[in-house]
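Asks: Below is one structure. I have some questions about it.
Rule-based calculations on the coordinates, nothing more; no lab input. What you see is a predicted model; the values in this text were computed from it and never measured. Positions of Cβ are backbone-derived with ideal geometry, glycine not excepted, and every protein chain shown enters the neighbour counts.
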Amino acid sequence: MKDIFKLLKITLYWTTLPIFIIVIVFGIDYLFLPATFKSLGIIPRDFSHLSGILFAPFIHANLNHLVGNIISLWTLLLLLVIFYKRDYWFVLVVTTLLSGLLTWTIASVGIHIGSSGVIYGLAAFIVLSGFIQKRFLQISASLMVFFAYRYLITGLFPPNSTLPDDISYSSHWSGVISGIAVACITAYFSHKRRNNLASKPHD
């Protein structure tokens, strides 16, 4: 029973901590420093704003932007901690930094904010990892994310009649590329760990 409570505690803590920080940042920005934090986002190829890679995922333009992102993000974080607990922080941190760096490198002019790049990165990671690692439970997570989040595909393409023009498509693509890269990296080390365990002599 203690192990179950410990697992629940870890799961809730790991998944709600990023969401809590995002909500607190939005609250401070909205109530006390209107629009101040938005200038801390990613400004492509501006070396004076490289810090935006760290700050951008925590900054949101308005309440709709915030709510839409934190619901998707929390769900993906929950799946990540359930199915990839060992690699949770590595996947989250590297996906966040890599997607931000790619956005800074390839995005169009403007200030890019929000956690959508991280969302696309985690979704891509979970969808791909299950099939790369060929494990039943992880494949089930892959299928869940693919069917539940297939609407994200529309966010990868240029503006049309159903999507607003202020969506950062480059950050979405950056997230997908980052998620794929991290999935390949973790699959490699997971395979290496399994081989090392298999090669150990048994008593």
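Asks: Using the Cα centre as the reference, give the magnitude of the dipole from point charges on the C-beta atoms of segment 2-199 (Lys, Arg: +1; Asp, Glu: -1; all else neutral), rounded to the nearest 20 debye. Could the numbers behind the result be given before it?
Replies: Values: 13 positive and 6 negative charges, 202 e Å.
Value, rounded to 20: 960 debye.
Asks: What value in Å³ per residue do you get for the convex hull of the alpha-carbon atoms in segment 2-199? Mind showing how you got there, number by number?
Replies: Numbers: hull volume 25.6 nm³, N = 198.
Per-residue hull volume (Cα only) is 129 Å³.
Asks: OK, next. Which one, Ser168, Ile19, Val182, projects farthest toward the positive side of the charge dipole computed for the chain from Cβ point charges (K/R +1, D/E -1)?
Replies: Val182
Asks: Same structure again: Cα-based count: Lys pairs in the chain below 29 Å, eight or more positions apart or different chains?
Replies: For the chain, qualifying lysine pairs total 12.
Asks: Now a separate question. In the chain, which helices (entire DSSP H runs) extend 24 Å or more along their own long axis, judged by Cα positions, while averaging at least 1.6 on the Kyte-Doolittle scale? Could the numbers behind the result be given before it?
Replies: Details: long enough: 2-31 (41 Å, 1.37); 63-83 (30 Å, 2.00); 88-106 (27 Å, 1.67); 116-133 (25 Å, 1.73); 169-199 (45 Å, 0.07).
TM-like helix candidates: 63-83, 88-106, 116-133.
Asks: Further question: Arranged by the count of other C-beta atoms within 10 angstrom, fewest first, what order do Ser51, Ser170 take?
Replies: Numbers: Ser51 11, Ser170 20.
Listing Ser51, Ser170 from fewest to most nearby Cβ atoms yields Ser51, Ser170.
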